[in-house]
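Trainee: Dumping the structure here so I can ask a few things about it.
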Amino acid sequence: MEDGTYEGGPMYFIEMGLGKKWKPLALSFAAFGLVGAFPVFNVNQLTQATKDILLFPQGVDDSFMTNVMIGLVLTALTASVILGGLKRIGQTSEKFVPVMVVLYFISVMYIIFSSPSEILPTFKLIFSEAFDPAFYKGSPFLGGALGGLILLGIRRGAFSNEAGIGTADLAHGSSSQEEPLKEGMSAMLGPLIDTLIVCTLTALAILITGVWQSSAESGVTLTLRAFEHAMPGFGSYILLLCIFVFSFSSLFSYSFYGTKCTAYLFGKQNAHWYQYVYLASIIIGATTSLNMMINLIDGFYALMAIPTMTGTILLAPHVVRRLKEKKHLL
C-alpha cells in the first residue's frame, strides 16, 4: 500500500488476481466478513466456562445480568488491546497462543494416557460410529444420513480451523514475508494443528473419560466434565485458563479481520469505527444462546466461503505454476 503496509485477503486476491470485473465478488466477501468476524461464538463459550467453573460453585445464579456483567468485563479487556492497534494485537497473541497450545496439549495427553487401555478402543469407536445414520437424519436431496454427517463435519471444521473461509488470509496477507509461497505453506499448519491435533485430542479426552455417556452437556461444558473427571480439584481451572487464552487471542484476531474488511469497503480512514461495533458484539455473544450464535456464524461463514473458494479455484493454476518455478525456495 502507499503507506508501506501490506494488505491481503480474499478481496484483494480476487480483485487483483481475477481483474476488476470480479470486484463485486470481492466486495461480497468483505461485506459478509463484517459479521463473520464477530466473536460471538468464542465469547459465548468463554461466558459459559466462566459460569460453570467460577460462578456457579459460588452460588451465583445463571441470569441475564450475570451474562451482561461477564460481557462487560470481556469487552473492557478486549478494548484495552484492540484499540492499541495491530502491533499490540500481534504482540499479545504472540505471547498467548503458544502457551495455550502447550498447556492444553500436556493436559489432554495426561487425560488420555491415564487410561492407556482405552486408547485403541476409543479410536475404533470413532471410526465405527462416524457414519452411523442413527446419529443424524439427513435430507435425501443432500445424500441422506451420510450427506448430513459430512455437512455437519464441514460446519464444525469451519469453526475449528476456518480453512476455505478466508479469514486467515487476512492475517497472512499482512505478513512481511516476501515470498508468498512460503507464507502459504506456513498457513497450512493452522488446520493441521487446530483440527487434526487439538480437536482429535479433545475428542479422545471426552470419549476416554466416558463423560459423553454420563452427561447431557455439550460444547465446552462437556470438555469441562472430562477435565474434572481426570483431574479432580484442579482440572477445571486448567481448562478455564486454556479457554481464556484461546478466546482472547481469537478476540484480538477477529477484530483485525473485521477491520480489514471495513477498510476495503469504506476506506482505511474509517476502519477504526468497526472496532466499536465489534466491542458491542461481545455483549451480544455473552447474552445470547449458543445455538443462535452457531447458526449465525455458520451462515456467514458459508457466504464468505463462496467468494473465497471461487477465487481460489480460478487462481489455482497460477499458484501451481509459480510453485514449480519457485520450488527451490521452499
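Trainee: Can you give me the convex hull volume of the Cα atoms of the stretch 10-329, divided per residue and expressed in Å³?
Mentor: 164 Å³
Trainee: While we're looking at this one, here's another question. Using Cβ contacts closer than 10 Å as the measure, can you line up C242, C261, C199 from fewest to most?
Mentor: Lowest count first: C199, C242, C261.
Trainee: How charged is the neighbourhood of G173? Take every other residue with its Cβ under 9 Å from the Cβ of G173, and add Lys/Arg as +1 and Asp/Glu as -1.
Mentor: -2
Trainee: Between beta-carbons, use under 13 Å as the cut-off and find the net charge around V220, counting Lys and Arg +1, Asp and Glu -1.
Mentor: -1
Trainee: Ok, one more. Determine the equivalent ellipsoid of the stretch 233-318 by diagonalising the alpha-carbon gyration tensor, then write out the semi-axes as square roots of 5 times the eigenvalues, largest first, rounded to whole Å.
Mentor: Semi-axes from the Cα gyration tensor: 29, 19, 15 Å.
Trainee: With 25 Å as the limit, write out which pairs from K268/K326; K260/K324; K23/K326; K20/K268; K21/K268 have Cα-Cα distances beyond it, or answer none.
Mentor: In this structure, K268/K326; K260/K324; K23/K326 lie more than 25 Å apart at Cα.
Trainee: Turning to a different aspect of this structure: Determine, for F300, F64, the number of other Cβ atoms within 10 Å of each Cβ, and report the residues in order from fewest to most.
Mentor: In increasing order of surrounding Cβ atoms, one gets F64, F300.
Trainee: Here's another thing I want to ask about it. What ranking do S249, S186, S28 get, fewest neighbouring Cβ atoms within 10 angstrom at the top?
Mentor: On the way: S249 21, S186 12, S28 18.
So the ranking, lowest neighbour count to highest, is S186, S28, S249.
Every number in this text was worked out from the coordinates using simple rules, so none of it is lab data. The structure displayed is predicted, hence computed values, not measured ones. Virtual Cβ from ideal backbone geometry, glycine too; neighbours counted across all protein chains shown.
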